[in-house]
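Comments concern the structure below.
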Protein chains: 2
Amino acid sequence: MIIALDAMGGDTAPAVTVRGALEAVESFGLEVVLVGDEDRIRQELGSGRKVSGISIQHSSEVVAMDEPPASALRRKKDSSIRVAVDMVKSGKADAVVSAGNTGAAMATSFFRLGLVQGVGRPGIATVMPGVEKPFILIDVGATVDCKPVHLLQFAVMGNIYAGTVLGRANPRVGLLSIGEEAGKGNELTKESFKLLEDSRLNFAGNVEGKEIFSGTVDVVVCDGFTGNVVLKTAEGLVESLAQMFRQEIAKSMLGKIGYLFLQAGLPDVKKKLDYSEYGGAPLLGINGICIISHGRSTSKAIRNALRVAADSVEKGLKETIRTGIQEAMEEVFVAS
Amino acid sequence: MIIALDAMGGDTAPAVTVRGALEAVESFGLEVVLVGDEDRIRQELGSGRKVSGISIQHSSEVVAMDEPPASALRRKKDSSIRVAVDMVKSGKADAVVSAGNTGAAMATSFFRLGLVQGVGRPGIATVMPGVEKPFILIDVGATVDCKPVHLLQFAVMGNIYAGTVLGRANPRVGLLSIGEEAGKGNELTKESFKLLEDSRLNFAGNVEGKEIFSGTVDVVVCDGFTGNVVLKTAEGLVESLAQMFRQEIAKSMLGKIGYLFLQAGLPDVKKKLDYSEYGGAPLLGINGICIISHGRSTSKAIRNALRVAADSVEKGLKETIRTGIQEAMEEVFVAS
């Protein structure tokens, strides 16, 4: 199995991406193709050194982190993300991983690889931390304006992914809404509720933001706008709470002492909140395995994203999604 | 000034509501009418005791916390929330406060009082904690399916409310979206962006969930579905983080010791996160002052909700909103 890594993607690429690839090769025995500026990649690898499991595919251009995806796609035909995606298209790689410009990675994958047959819109599934166990949130930004059938399809894909990466059997799927009763929500969720209720999924009904972290469901389904807001609000709140605590701690001696003790005693909370454990989020529904990582990814995050990509290939994620979507759409067709 | 309090509304009503009213009368010299079952209210007040500033308006029915608002509105003509709202309608009270069934309080206020002239949809504005200072989030659930003009109106009303209750001069208004650039977002936010940009508001552009708590803007505008999800996700995350910490602390002696020191040193973080400081959220755009409080309100929250109601009346919130909306709509009309 060969994974193409967008070596130039990410805030500190290619230093972090090359290190992540080396760690993945060592830890999981993967074969990784580093796609990007050959000279700079060689520099990071160490001159003249030949590493087993690592190869380089040169590309002359880089999409900047803040570049508009549409223009990147149109103008930079030899960008690292495009060359990496095209390796999947041509069968030279089994999956692609990028920590670069998220919009560009999404758009390139979408336009170069297309969608799995039957899928209407792609969805990004991310693993979120929970008190008891992590859960999947889908979509977090691939499709911001959704129809009910898209939410049904996100549920089907999220359900499959929860089985693949989290190893959950018969995952409980919840619809993110603003009240637990079937009638609560906006037009989109009310219509989506009916489709989910009629599906073969283990549908737990509506779930609210206040309960998603407490482990009531394995998969939380929503449109890409709401999911992205939830993801970023959660990130922002955790950072802001940490900042509030640090400010107060700095003011008081008791606080400082307490903080020292607490830090020593709390490795597990940190681990639960550490996004790099999962490394990346797949763009599901695409006709190929594409894992999108945070621009601030550490080498550990890159390593784990490569592992998630390999897992997804090994477990036949693309084919399972094709079958799952086909079955779900047949049911919708029969019911209507 | 007279405030009508739905004495039967809330998880522990009328015990907490009566106590909150007594505290408000004592602290702020308000006149409060307790609306609800006279016998039960008298019992809470202490038999035979006549309290200056407190009066009772009997009502024979109560809307349960989980009762569908529509049926409550149709069937319970003598419910405490309805009688309280009708006191505002008839001019016997200047404002109404309820910690009861939120949907019923919204629907009753909407149908009995109507909207301020020019307002298309009502919006609930809630005060959220931030690292440096609190901010206003509007709408958090009154109008779940919005048009761009509704978001413009929420911005106008939130702007006015930020001046009224937070004392902010020329508040910075942000549009909640999923990227900072104008072109990022869903159909609703992209269209709303244009209206906000053309308005006289101090518009700061799009804001993301990750920055709202760090104090970049005073008012965050979104549709009621997204706002409610943000509010509940924030609530759920804070509770879940606290639970994660407690679980870990319980496991380790160092953690337990640290926690003791930290608790002593951190009163200000707790205060920042204490929603009862603001007590309640106004249903803005309604032709009357209506403050909605959390079902789990403490007496302190009820007291502060009564203060917010009194502030809103004193500062002419309703009239300021009427003028503000009229001006904003004239600009939209001229521009189009």
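All of the numbers you see were taken from the coordinates with simple rules; none came from a lab. Predicted model only: the values in this text are computed from it and were never measured. Backbone-built Cβ (ideal geometry, glycine too); neighbour counts: all protein chains shown.
A few points about this structure:
- Each residue in B:Leu166, B:Leu195 was given a count of other beta-carbon atoms within 10 angstrom of its own, and listing them fewest first yields B:Leu166, B:Leu195.
- Region A:171-261: GluC sites (Glu not before Pro) falling in loop per DSSP and having at most 12 other Cβ within 10 Å: A:Glu181
- Likely footprinting exposure, B:Ile160, B:Ile56, B:Ile124, fewest C-beta neighbours within 10 Å first: B:Ile56, B:Ile160, B:Ile124
- Note on region B:125-275: antiparallel DSSP beta bridges, both residues inside, total approximately 30 percent of the bridges counted.
- Rg/Rg_ref, the protein assembly as shown, where Rg_ref = 2.2 N^0.38 Å and atoms are Cα: 1.04
- For the options A:Gly288, A:Gly91, A:Gly114, a Gaussian network treatment of chain A with springs between C-alpha atoms closer than 10 Å singles out A:Gly91 as fluctuating the most.
- Label 7 Å beyond Cα on the Cβ vector: B:Met253 copy-to-copy distances, nm: 2.5
- Neighbour-count order for A:Tyr161, B:Tyr278, fewest beta carbons within 10 angstrom listed first: B:Tyr278, A:Tyr161
- Calculated over chain A: convex hull of Cα atoms, volume per residue (Å³): 147 Å³
- Rg over Rh, two decimals, region B:125-275 (C-alpha only, Kirkwood Rh): 1.07
- Within-13-Å neighbourhood charge of A:Val96 [Cβ basis; K, R +1; D, E -1]: +2
- What the phi angles of region A:284-289 give under the Karplus curve with 6.51, -1.76 and 1.60, with θ = phi - 60°, is a coupling list of 7, x, 6, 7, x, 8 Hz, glycine and proline written as x.
- Two-site label geometry, B:Arg296 and B:Glu187: point separation in nm, points 7 Å out along Cα→Cβ: 3.7 nm
- Choice from B:Ile138, B:Ile41, B:Ile291 with maximal GNM fluctuation in chain B (Cα, 10 Å cutoff): B:Ile41
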